[in-house]
Amino acid sequence: MSALTEETVLQRTKCKELEHVRKLNIWGIGIKDVSVFRRMPNLEIASCSVNNISTLADFAHCPHLQELYIRKNEITDLAEISFLKNLHELSNLWLLDNPCSSHNNYRLTVLKHLPHLQKLDNVAVSKEELKLAAEKGDDLPLQSSKTESSSVVEPPLDASLGNGCVTEESSFSTPNLEKDQKAASRGVKDQYRKVSSADEVEEEDTNLLNESRGHMLQNNHQNTNRQSSRIFDALILLIEELNHEELIAIHEAVGRRIADLT
């Protein structure tokens, strides 16, 4: 059983004390025991997806928690969300892909017990949905606080996952990028078709045609560069709006793309 330790947290966040940690990313490092969260009262954003966490009890000790990303873990009992009821600053919860999310009335039940959420599983919560949740959501048994585990095993560090002592953690659409790229490609082909049609001019205009081709190819290259520049600028602007989970997904996609190109 692997446990998140104080040393690991401080190394990842570059903080000197656990009390100073405001943002923590432990995405995908195989952690099960996160009892160290009980000593991080100022934590605001926690990215804990793709691990082996089975309880939400430890997060009850983070009164300033605003965003919790904990998808793809081992939370089986939906009643675990009762540990989050007193976290009134919690506005964003991503719990999907845990066994508990297969609950028949999952979303309405979560919103009934956590009505302060503004976003659940990356989907905005509406006033109408909260009203329906209050009426149709299932009742859940209260959970008693669980004791802190004494086992401590240092997990492997992943230098690719960044964190910090300061906060800051919508959507990027790959199809839009592909659409822009295809549009740019079509523009290139259209220009080439225009050049090819000019091959039927008389021989005495051959020199003029070649000169025209040269200008057209140069303009085409400049247009393609401008299109790429616009796409790049759009990507940079979008990155500023992404949260931890989405940035990690983009990081993986970029890594795969680079591997394809090399």
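What follows is calculated from the coordinates using simple rules that are stated; it is not laboratory data. Keep in mind that what you see is a predicted model, and the values were worked out from it rather than measured. Don't worry about glycine lacking a Cβ; one is built from the backbone with ideal geometry, like all the others, and counts go over all protein chains shown.
Which loop GluC sites (Glu not before Pro) in segment 1-94, with loop taken from DSSP, have no more than 16 other Cβ atoms within 10 angstrom of their Cβ?
Those satisfying the criteria are E17, E74, E89.
Is segment 1-149 best put as rounded, prolate or oblate by its Cα gyration tensor, with a ≥ b ≥ c the root eigenvalues, rounded for a/c under 1.5, and otherwise prolate when a/b is larger than b/c, oblate when not?
Prolate is the answer for segment 1-149, as a/c is 1.5 or above and a/b outweighs b/c.
Using label points projected 7 Å from each Cα along Cα→Cβ, tell me how many nm separate E128 and D97, to one decimal.
Taking the simple label geometry, E128 and D97 are separated by 3.0 nm.
For a test of the definition: using alpha carbon positions, the gyration tensor, and the 1.5 limit on a/c, classify segment 75-136 as rounded, prolate or oblate.
rounded
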